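The values are calculated or read from the model by the stated rules, or taken from the named source; none is laboratory data. Keep in mind that what you see is a predicted model, and the values were worked out from it rather than measured. Note: ideal-geometry Cβ built from the backbone for every residue, glycine included; neighbour counts use all protein chains shown.
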Amino acid sequence: MGHNGSKLKRGKRNSISAADAPYSTNIMSSYKEEYNFDNPYMMTIDETQIDRMQTQHHILRTIWDGNFSAPIDEKLRHGNFRVLDFGCGPATFCFDLASSFPSSTFVGVDFVPIFPTQVPRNTQFLVANIMDGLPFEDASFDYIHARFLVMYFTQEEWENVVIKELTRLLKPGGYLECYDSEFIWYNMSPSLEKLCNAVQKELYARNIDPLMSRKIGDFIRSTGKYESIRHEQKNIPYGSWGDKIGELSAQTFFQFFEGVRKPIKEIMNINDQEFDKLMREFEGEINYYRTYSKNHRFVAHKRV
Ligand SMILES: C[S@@+](CC[C@H](N)C(=O)[O-])C[C@H]1O[C@@H](n2cnc3c(N)ncnc32)[C@H](O)[C@@H]1O
């Protein structure tokens, strides 16, 4: 098994070892609290963010007309097909697929155990940090899914650790599917521009490119292990101008900014009241400006 994850140096700490996490995997009882540890992430981990990730899953399934783009539907249905969801968060993707495809197996990995403890029979969840290598043999999975991870890894880590490790775990002929959004928004209102600048500054301080999602295909290509890489892009509207989906995605967008309240306040040198005022302005402007984001999905087919 390859362990290629020496921790890379950066200005701000952005990842932890699973062993650092000061709680057991039986975390559901703590859902109501913000996790009380020296959180190295840009984003808080609390009930609001778990709710945001779950809602986002359903928004994406609607916008993309399905949970995945790889041609694996028949194989999942046939069974005996092994899926890894890397950085699974609250396990929404695995749970959704596990109920649709009861004869296949779904494994979720995250270094923060926010997945439920009561899980379907055809799923398995474990705590592991990809920076230390994931505890699976080479070629263990037929399909690997990795979504919303750009704010966690530098370009060096994407190229030298994340994509290499996921490629090691993928069977020849298997599919790797990566999905991520940009940390820039389109048709930005004045208040969103201020928030966006602060988010980008925080990412740069962590040595993370806010537009990293556009480059994931290049990282996959550089392994030389894939025979094809397809790139798909879709826009997500924020606000009721984008109907029900727009309303829901605006809700998740406000939750996102709530999750980065602390670093944004520090960067903008503002207090909670000023932050709340900015958020109210932002809410008031979003429909007028018809704000939206660009999202990228890469589907890569590993050579046999
Ligand atoms: C923004 S969440 C996305 C969760 C899920 N993929 C989804 O789409 O809802 C990213 C997840 O990746 C996990 N993660 C980040 N870095 C990781 C690492 N080095 N090893 C394992 N998991 C990691 C985080 O703990 C977090 O739960």
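So the values come out like this:
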quantity: Failed criterion for Pro135 (all others in (1) modelled with pLDDT of 95 or more; (2) crowded, with 16+ Cβ neighbours inside 10 Å; (3) not aromatic (Phe, Trp, Tyr) hold); calculated: (2)
quantity: Selection within segment 119-146 - among the aliphatic types (A, V, I, L, M) and within 13 Å of the ligand (Cβ to nearest atom); calculated: Leu126, Val127, Ala128, Ile130, Met131, Leu134, Ile144, Ala146
quantity: Qualifying residue in segment 154-174 (condition: part of a loop (DSSP other than H, G, I, E, B), surrounded by fewer than 19 Cβ atoms within 10 Å (Cβ to Cβ), at negative phi and not β-branched (Val, Ile, Thr)); calculated: no
quantity: Options Glu274, Glu285; residue that is assigned to a helix (DSSP H, G or I) and either in contact (Cβ under 8 Å) with a residue 60 or more places away in the chain or of a type outside the set (Asp, Glu) (or both); calculated: Glu285
quantity: Residue match in segment 73-81 (condition: more than 8 Å from the ligand (Cβ to nearest atom), within 14 Å of the chain's Cα centre (by Cα) and at pLDDT 95 or above); calculated: no
quantity: Failed criterion for Glu177 (all others in (1) part of a strand (DSSP E or B); (2) more than 12 Å from the ligand (Cβ to nearest atom); (3) of a type in the set (D, E, K, R) hold); calculated: (2)
quantity: Hits in segment 199-241 - residues which are touching a strand residue (DSSP E or B) at 6+ places or on another chain (Cβ under 7 Å) and assigned to a helix (DSSP H, G or I); calculated: Ser213, Arg214, Ile216, Gly217, Ile220, Arg221
quantity: Yes/no for Ser99 being in contact (Cβ under 8 Å) with a residue 60 or more places away in the chain and either more than 9 Å from the ligand (Cβ to nearest atom) or surrounded by 22 or more Cβ atoms within 10 Å (Cβ to Cβ) (or both); calculated: no
quantity: Matching residues, segment 188-247, being without any contact (Cβ under 8 Å) to a residue 24 or more places away in the chain, crowded, with 17+ Cβ neighbours inside 10 Å and in contact with a helix residue (DSSP H, G or I) (Cβ under 7 Å, 6 or more places away or on another chain); calculated: Gly246
